[in-house]
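First the structure, in the form of C-alpha cells, and then the observations on it.
The values are calculated or read from the model by the stated rules, or taken from the named source; none is laboratory data. Source: prediction; values computed, not measured. Positions of Cβ are backbone-derived with ideal geometry, glycine not excepted, and every protein chain shown enters the neighbour counts. Areas reflect the complete protein model, heavy atoms only, side chains present, ligands, DNA and RNA absent. Shrake-Rupley method; radii C 1.70, N 1.55, O 1.52, S 1.80 Å.
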Amino acid sequence: MEYLTVSAAQRCVLDAVNAPDVETVGIERCLGRVLACDVTANRDHPPYDVSAMDGFAVQSRDLGGAALTVVEDIKAGDMPTKILAPGQCARIMTGAPVPQGADAVVRVEDTQTLADNSVQIDVVVKSGHDIRPRGETMRSGDIVLNAGAEITPGVIGMLAMVKCATLQVYRRPRVAILSTGDELEGMNDPFDPNKIPDANSYALMAQVQSLGIEPVLLGIARDDPDDVLLVSGGTSVGVHDYVRPTIEALGVKMLFWRVAMKPGHPMAFGVGDDTLVFGLPGNPVSSMVCFEQFVVPALRRMMGFSRCHRRTLQARLASPHKRRPGRTEFVRVKLSRDELGYVANVTGTQSSGVLLSMAHADGLLVMATDTGALAAGIDVTVQLLDGTAFQLETGYKE
Ligand code: AMP
Ligand code: MG
C-alpha cells in the first residue's frame, strides 16, 4: 500500500465520522459543547426603552434653555408613573424604563442639581440619546443562536437570557485507550528496570481530556470497542506486531496504515460497525503527534464542531534546523515572543523516542514534504498543542 499524504489520511478519517448524536444537558454543564438546535428569543430585551446611563430623562427639544423640574425618580425595576410635560424631567438610573414624553437621557455628569428640585442641563442632545431601545439585544421570535454554535461563556450568557435551563447538544464520543507490547509496565505493575513504562495510555488520556472527553483506560492489551478506540503500539510490520491482524479479525475494516509523516508512521486507521479504530505508533512522541493530526479532528467532528483543527500561528525559527526532505515533519517547539512576534525554539533532540521533546513543547512546527534545512530567522507555521480555540483548516502545507 502507498503512503498517504497527511491531508489524504485526514480526509479518510473525517469521511468515516457519522453524523453526531444529540443529548439534552443542563446549562451548567454545557461549556465547550456544540449546540444541536437553533435557540429562539422568547421576549424582547430590553422589554421597553431603557436608560443607558444614570442621569435625567428629558424632552430633547427642552434642552439649551431654563432649568427643568424633576417630577420623579425612576430606578431599574420601577415603572414610571408620570408622563413628562414640557419643562419636566425625571431622574433615571441605568436600565430603568424611560417615561412617556421623554425622548433622550442626559448623563448626570452633564447636569447640575439646583436647590428647588430642578436641574440645570448645559448640553444639547439629539432625540434617542443614551436610550437603549426596546428589543435592542433581541426581539421575541428572533433566532439568537444557530445549531452548530460552539458554547462559549458568551453563548451561555445568551442561553440564560432566553432562560434555556436545558438544551440539546451533540453527545461526546466514548473513547477507550489501549496500549500493546510485552515490554510494557503498567502504572500499578511492580517496578522492573527492564521494562518500558506505559506512557502512551496517560499521554493519550490527557490529549483526549484536553478536548473535554473523559476516556476509559483499558490498560495493556484488552479489547472493548467504543465509539473510538485508540490503540498504541504494534501497528508496524514487525513480525510481533499483531494489532492490525487482530483488529481486522474483529471485523474492523482497515482504511490505511501508512502516512508520509515524521514522526508518525506507521499510523493505521479502520472502521468497525460503530467504532473508529486508530492504530497509533508505539513511540510516545509519534503517538501524540498522530493524535493531534487525526484523532483531534475526528473527535471534534464527532462532537459537532465545524472548527476541528488545532490553531496555527506564524513564528520565526530561533536556530537552524537540519532535515531530509521527503515526509511532512512535525518538529516540537516552545514558543516565546519578542518585539517582532512569536519565536519558535526546537525542544532538544527530536528522536521520536524522546518524550521530553513533547513535554517541553507548546506546538508543532510543520515542515512541508519538500522543505529542506531551515535557516534561523525563517518564517514557520506552528500548530499549537493546547487551547480551546480551533480552526476550519489545518493551516499548514504538507
Ligand atoms: P511499536 O509500535 O509497538 O513497535 O513500539 C515502538 C516503540 O514504542 C517501542 O520502543 C516500544 O517499546 C515503545 N512503546 C510502545 N508502546 C508504548 C507505550 N504504551 N508507552 C511507552 N512506550 C511505548
Ligand atoms: Mg510493540
Within the range 202-221, the residues that are farther than 13 Å from residue 295 by Cβ and either touching a strand residue (DSSP E or B) at 6+ places or on another chain (Cβ under 9 Å) or of a type in the set (Asp, Glu) (or both) are 202, 214, 216, 217, 218, 219, 220, 221
Do any residues in the range 352-364 that are part of a helix (DSSP H, G or I) have Cβ atoms under 6 Å from those of residues that are among the hydrophobic types (A, V, I, L, M, F, W, C), where the two are at least six apart or on different chains, and which pairs are they? 358/285; 358/288
Mind telling me which of the residues 107, 132, 91 ends up being basic (Lys, Arg) and in contact with a Phe, Trp or Tyr (Cβ under 8 Å, 6 or more places away or on another chain)? 91
Among (1) buried (at least 20 other Cβ atoms within 10 Å of the Cβ); (2) under 24 Å from the mean Cα position of the chain (by Cα); (3) closer than 24 Å to residue 398 by Cα; (4) of a type in the set (A, V, I, L, M, F, W, C), the one test that residue 267 misses: (2)
Sole exception among (1) of a type outside the set (S, T, N, Q); (2) within 24 Å of residue 293 (Cα to Cα); (3) surrounded by 14 or more Cβ atoms within 10 Å (Cβ to Cβ) for residue 184, by number: (2)
Specify which of the listed residues (394, 369, 349) is free of Cβ contacts under 8 Å to residues at least 24 places away in the same chain, hydroxyl-bearing (Ser, Thr, Tyr) and assigned to a loop (DSSP other than H, G, I, E, B). 349
Would you point out the residue of the range 11-43, among those that are free of Cβ contacts under 8 Å to residues at least 40 places away in the same chain and assigned to a helix (DSSP H, G or I), that is most open to solvent (accessible area, probe 1.4 Å)? 29
Those strands (runs of 3 or more DSSP E) lying entirely in the range 124-243 with at least 1 residues within 16 Å of ligand 2 (Cβ to nearest atom): 175-179, 216-220, 228-232
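Every residue, every condition in (1) farther than 27 Å from residue 170 by Cα; (2) among the acidic types (Asp, Glu); (3) open to solvent by less than 10 Å² (accessible area, probe 1.4 Å), yes or no:
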residue	(1), (2), (3)
249	yes, no, no
258	yes, no, no
261	yes, no, yes
277	no, no, yes
286	yes, no, yes
290	no, no, yes
Filter the range 160-178 for residues that are surrounded by 18 or more Cβ atoms within 10 Å (Cβ to Cβ) and without any contact (Cβ under 8 Å) to a residue 60 or more places away in the chain; the one that is farthest from ligand 1 (Cβ to nearest atom) is 176
The number of residues in the range 344-370 that are closer than 20 Å to residue 396 by Cβ and surrounded by fewer than 17 Cβ atoms within 10 Å (Cβ to Cβ) is 3
Would you pick out the residues in the range 28-54 that are under 27 Å from residue 392 (Cβ atoms) and of a type outside the set (Lys, Arg)? 30, 31, 32, 34, 35, 36, 37, 38, 39, 40
Report, by residue number, each residue of the range 142-159 that is over 11 Å from residue 39 (Cβ atoms) and open to solvent by 50 Å² or more (accessible area, probe 1.4 Å). 152, 153, 154
The listed residue being open to solvent by 20 Å² or more (accessible area, probe 1.4 Å) and touching a residue at least 40 places away in the same chain (Cβ under 8 Å), out of 332, 310, 316: 316
So is residue 330 in a strand (DSSP E or B) and in contact with a helix residue (DSSP H, G or I) (Cβ under 6 Å, 6 or more places away or on another chain) or not? yes
Can you confirm whether the range 287-295 contains a residue that is among the hydrophobic types (A, V, I, L, M, F, W, C) and farther than 30 Å from residue 185 by Cβ? no
